[in-house]
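Beneath this line is the structure, given in structure tokens, with notes to follow.
The values are calculated or read from the model by the stated rules, or taken from the named source; none is laboratory data. Nothing here was measured: the structure is a model prediction, and the numbers come from that model. Every residue, glycine as well, gets a Cβ built from its backbone with ideal geometry; the counts of neighbours run over all protein chains shown. Note: areas computed on protein heavy atoms with side chains; ligands, DNA, RNA excluded. Shrake-Rupley method; radii C 1.70, N 1.55, O 1.52, S 1.80 Å.
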Amino acid sequence: METLQTFLNDFNNQMQVLHNAATEAAWMAQTTGDPMWADKLSEADTQYNLLFSSKDTYEKTKQFLAMENITETEKRQLQLLLYGMEANQLPEEVIADISKRSSELNLLFNTYSPEVDGKTYSANEIREILMYSDDQELRKKVWFASKEVGKVVEKGLLELVKKRNEAAQMLGYENHHHMSFALQELDRDEVFAIFNDLILQSDEAYRSMKRELDEQLSVKFGITPEDIRPWHYIDPFFQEAPPSELTNTDSFYNGKDILELTTDTFKSMGIEINDLYAKSDLFPGDNKNPTAFCIDMNREGDIRVLCSIVADTYWMETNLHEFGHAAYYKYIDSNLPFLLRSESHILTTESIAMLFGKMGKDPRWLKRFLQVDEETVNALSPELEKFLQLQMLIAVRWIVTFVLFERELYENPDQNLNALWWKIVHKIQLVTPPDSTDNPDWAAKIHFSLAPVYYHNYLLGELMAAQLLRHIETEVSPEFFTKETGEVLINQFFKPAALYNWNDKIRNITGESLNPSHFVEIYCKTQIKS
């Protein structure tokens, strides 16, 4: 009779081989835009998912999990295996079809280039125009151009949503959204209750700061606040706060090396990440994914980051964010079984990435690493604090907008989604829609296609980051960039990897389960005065 140890060893070995093939294909697909790699990724994903679709393995997993006297390490592997397998107890042709559709959408996103008046614009160029240009007509044109990919992917995306729902229903779930929460160790009702509460607790501060922002924009563009439309903000989805003249730190990066600054930041805490640059793809290129991500290729140290770095604040903070992910993966205990050599939950790695991504606005970081003189930093500090609060309030509203819409998308993909999108945007973000809401502007956000039922983890990650930061500053080291901080992150957060449930991990470190009150106290108070 097969023993538990033999069962786990065999599965870990098979999983490792298929995981490595899938990540190699994914990396090449994202960095080349070559349809050949999109096909290989689809095939690799299918083979990986088929491993988790074996009914025999599924039944054995449940039987082993019911045994007495199994170790905590064995139990955790079986729990994670069960979560991973339940979503894949599907016919092979269903798994292959969903994987193929997802890869095709990925290729469309990676190879689509919006045009305005015959000129092709990259994501960086669109961002730069929305950040700096006073030409309202150009801003409007590039904003609409940034949404055109939504029309390209809408049909395929809606078909994929329905296929995901059908697959979830085959497994006994109401839809894909319900299934995803259940298999992510998340209570769906609890998460949405937390988000609704955050909207209520941040409402006064958000409305006040949004009103002030709109007044500033109305002066800048010579229009009334009522005439402000989505293209007057600095990014296509109003995800970010526009820096004021005082908080726009782009000029500080003239002649600076983003990678050197990243290296120095992590090294100050005893975290070495510069060895990961060689295999990463960090600068702009043709046909590569225009966004940014980190990928652990083999859970044995080959960790790569994709960025399109230019010397400005956005890419500094993005690089710190992505190498936050990379640091987590690098310092995972290599002695753990392959199944456990990953984050305990995606929200835990997001929390670390967000913690580091915000350092570009931290006065301590500006002085120490960017070497901005103390007088300048002291003058900037109140504005930076206010800016960060606005940034977090905007992020809360944006993420809640996304997740509320995504919930409705899976509840009823045949409803008027274009109108629903703008209804939610207007209600939650307080952004006035364009004159026409007939276009699938929502579908231009790649996460609906490639990272379904994922976005809530960004906000949960922010809540965990706030709790972790509070703990470090009050119990470990008031100065964040120290070896003591690094030891806590490496030994207590990174190293145990997926050995513990995400809530157990934060409880083990801070003494309490995830507690949104830390985020509320920092960011949802009444407006900070300059």
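Taken residue by residue, the stretch 82-98 has no member that is within 22 Å of Thr291 (Cβ to Cβ), open to solvent by 50 Å² or more (accessible area, probe 1.4 Å) and touching a helix residue (DSSP H, G or I) at 6+ places or on another chain (Cβ under 7 Å). Scoring Met316 on the criteria (1) surrounded by fewer than 23 Cβ atoms within 10 Å (Cβ to Cβ); (2) farther than 19 Å from Glu487 by Cα leaves a single failure, condition (1). Just one of the listed residues (Asp504, Asp435, Asp441) is crowded, with 16+ Cβ neighbours inside 10 Å and of a type in the set (D, E, K, R), namely Asp441.
For the stretch 163-204, the set of residues classified as of a type in the set (Ser, Thr, Tyr) and either farther than 24 Å from Ile98 by Cβ or in contact with a strand residue (DSSP E or B) (Cβ under 9 Å, 6 or more places away or on another chain) (or both) consists of Ser202 only. In the stretch 99-133, of all residues being among the β-branched types (Val, Ile, Thr) and open to solvent by 60 Å² or more (accessible area, probe 1.4 Å), the one that is farthest from Phe181 (Cα to Cα) corresponds to Thr120. Take the stretch 240-250 and flag every residue that is surrounded by 14 or more Cβ atoms within 10 Å (Cβ to Cβ) and acidic (Asp, Glu). Across the stretch 240-250, the qualifying residues are Glu240, Asp250. Checking Lys162, Lys141, Lys147, Lys155 one by one, the residue that is modelled with pLDDT of 90 or more, in a helix (DSSP H, G or I), within 29 Å of Ile228 (Cβ to Cβ) and open to solvent by 70 Å² or more (accessible area, probe 1.4 Å) is Lys141 and no other.
Contact map, the stretch 137-151: residues that are free of Cβ contacts under 8 Å to residues at least 60 places away in the same chain and more than 21 Å from Leu108 (Cα to Cα) paired with residues that are open to solvent by 10 Å² or more (accessible area, probe 1.4 Å) and part of a helix (DSSP H, G or I), Cβ distance under 7 Å, separation 6+ or inter-chain. Pairs shown: Leu138/Ile129.
Applying the condition of being touching a residue at least 24 places away in the same chain (Cβ under 8 Å) and open to solvent by 40 Å² or more (accessible area, probe 1.4 Å) to the stretch 224-234 and asking which residue is farthest from Pro516 (Cα to Cα) yields Glu226.
Among the candidates Arg299, Arg207, Arg211, the residue that is without any contact (Cβ under 8 Å) to a residue 60 or more places away in the chain, open to solvent by 10 Å² or more (accessible area, probe 1.4 Å) and out of contact with any strand residue (DSSP E or B) (no Cβ under 8 Å at 6 or more places or on another chain) is uniquely Arg211.
Can you tell me which residue within the stretch 48-74, out of those that are touching a residue at least 24 places away in the same chain (Cβ under 8 Å) and farther than 29 Å from Ala21 by Cα, is surrounded by the fewest Cβ atoms within 10 Å (Cβ to Cβ)? Only one residue fits best here, namely Glu72.
The set of residues in the stretch 248-266 being of a type in the set (Ser, Thr, Tyr), over 15 Å from Arg364 (Cα atoms) and in contact with a Leu (Cβ under 9 Å, 6 or more places away or on another chain) consists of Tyr253 alone.
All of Ile194, Ile258, Ile228, Ile223 fail the test of being β-branched (Val, Ile, Thr) and within 20 Å of the chain's Cα centre (by Cα), apart from Ile194. Whenever a residue of the stretch 480-493 is within 16 Å of Thr263 (Cβ to Cβ), its partners that are β-branched (Val, Ile, Thr) and open to solvent by less than 80 Å² (accessible area, probe 1.4 Å), lying with C-beta atoms within less than 7 angstrom and at least six residues away or across chains, give the pairs Gly486/Ile271. All conditions but one from (1) assigned to a helix (DSSP H, G or I); (2) surrounded by 17 or more Cβ atoms within 10 Å (Cβ to Cβ); (3) not aliphatic (A, V, I, L, M) apply to Gln14; the one that does not is (2).
When restricted to residues that are open to solvent by 20 Å² or more (accessible area, probe 1.4 Å) and at pLDDT 95 or above, the stretch 475-495 contains 10.
Per-residue answers, yes or no, for (1) among the polar types (S, T, N, Q); (2) within 18 Å of Met15 (Cα to Cα):
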{"position": "Trp315", "(1), (2)": "no, no"}
{"position": "Leu320", "(1), (2)": "no, no"}
{"position": "Tyr329", "(1), (2)": "no, yes"}
{"position": "Thr349", "(1), (2)": "yes, no"}
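Under 7 Å by Cβ, and 6 or more places apart or on different chains, what pairs join a residue from the stretch 1-13 that is under 17 Å from Ser54 (Cα atoms) with one that is among the basic types (Lys, Arg) and assigned to a helix (DSSP H, G or I)? Pairs that qualify, where the first residue is under 17 Å from Ser54 (Cα atoms) and the partner is among the basic types (Lys, Arg) and assigned to a helix (DSSP H, G or I), are Phe7/Lys60.
Might you let me know whether the stretch 391-407 holds any residue that is farther than 17 Å from Phe195 by Cα and open to solvent by 20 Å² or more (accessible area, probe 1.4 Å)? There is no residue in the stretch 391-407 that is farther than 17 Å from Phe195 by Cα and open to solvent by 20 Å² or more (accessible area, probe 1.4 Å).
Of the residues making up the stretch 251-280, those that are crowded, with 17+ Cβ neighbours inside 10 Å and not in a loop (DSSP other than H, G, I, E, B) number 10. Within the stretch 346-378, being free of Cβ contacts under 8 Å to residues at least 40 places away in the same chain and not hydroxyl-bearing (Ser, Thr, Tyr) holds for Pro363, Lys367, Gln371, Asp373, Glu374, Glu375, Val377, Asn378.
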